[in-house]
Amino acid sequence: MFSKKIILLMKKHLTILSLFALISFISCGQSSDRTKSTEMEKKSTVKLESPDYVWDGKKIEKSDEEWKKILTADQYYVTREQGTDRAFNNEFWDNHEDGIYYCVCCGMPLMDSKHKFESGTGWPSFYQPINEKNIAVSTDMEIGYERDEVHCARCGAHLGHVFNDAPDQPTGLRYCMDSSCFIFKKR
């Protein structure tokens, strides 16, 4: 009888933990809903560099207020506050057009559609950047374990994360990027 009480208690705790884990999983990495009707979509006025541009080492620094003036709320959240677009509900996760992905903050070329692949994650995934010098990688412990966070080398915009979990790709890497950090220009 004593063991049945323990088993029932364990089942109750497992159920509660399972529900908590499910709720956490569903909400993990989701940006909060923003009503775009209250904010006119800002058209980026950033100058796009040529697709073969390699970062020259000169950083672009702006205050939060300056970034807020040129970025939409979602773009600011992702690029300046290290936010995340919603999976399968972002502009470029299913984009199959030929072109270049530029930094929404500074116009530097970051990714080429030639390196894009279907990862099944709901975010645009690439196996390499357009040029290694155009990105920076740092350690991110935001969700309790170590990940490699990818930034624009010139302006520091958060772009997403890189994972070593794509063995079927030429580099074995998956650059899991946020659509909000990009301007896409067709070739």
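Any read-out appearing in this document is the output of simple, stated calculations on the displayed coordinates, not a laboratory observation. Only a predicted model underlies this, so the values are computations on that prediction, with no experimental measurement involved. FYI the Cβ positions are ideal-geometry reconstructions off the backbone, even for glycines, and counts take in every protein chain you see.
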*List the residues whose amide H sits under 5 Å from the amide H of I135, counting only those 5 or more places along or on another chain, with H placed 1.01 Å from N in the peptide plane.*
A153
*Where q = 0.17, 0.18 Å⁻¹, what log10 of I(q)/I(0) comes from the Debye formula for region 112-172, counting one point per Cα?*
-0.62, -0.69
*Please report, in Å, the Rg and the Dmax of region 42-186, where both are computed over Cα atoms only.*
14.1, 43
*Which entries of K58/K133; K47/K185; K59/K116; K59/K186; K114/K186; K47/K68 show an alpha-carbon separation above 20 angstrom in the structure shown?*
K59/K116; K59/K186
*Collect residues whose amide H, placed 1.01 Å from N in the peptide plane, falls under 5 Å from the amide H of V104; neighbours closer than 5 in sequence don't count.*
F182, I183
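Counting only other residues whose beta carbon sits under 11 Å from that of I135, what net charge do I get with K and R as +1, D and E as -1? List each step's numbers first, then the result.
Details: positive: K133, R154; negative: E132, D148, E149.
In short, -1.
In what order do F182, F163 fall by count of nearby beta-carbon atoms within 10 Å, going from fewest to most?
On the way: F182 25, F163 16.
Neighbour counts put them in this order, fewest first: F163, F182.
Taking K and R as +1 and D and E as -1, what net charge do the other residues with C-beta under 12 Å from the C-beta of G120 add up to? It would help to have the intermediate numbers written out before the result.
Numbers: positive: R174; negative: D94, E118, D165, D168.
My count for the surroundings of G120 gives -3.
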*Looking at region 58-136, which chymotrypsin sites (Phe, Trp or Tyr not before Pro) are DSSP coil and have at most 11 other C-beta atoms within 10 Å of their C-beta?*
F88
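Please give me the summed charge of the neighbours of D168: other residues whose Cβ is under 13 Å from its Cβ, Lys and Arg +1, Asp and Glu -1. Please list the in-between numbers first.
Working: positive: R174; negative: E118, D165.
Local charge sum for D168: -1.
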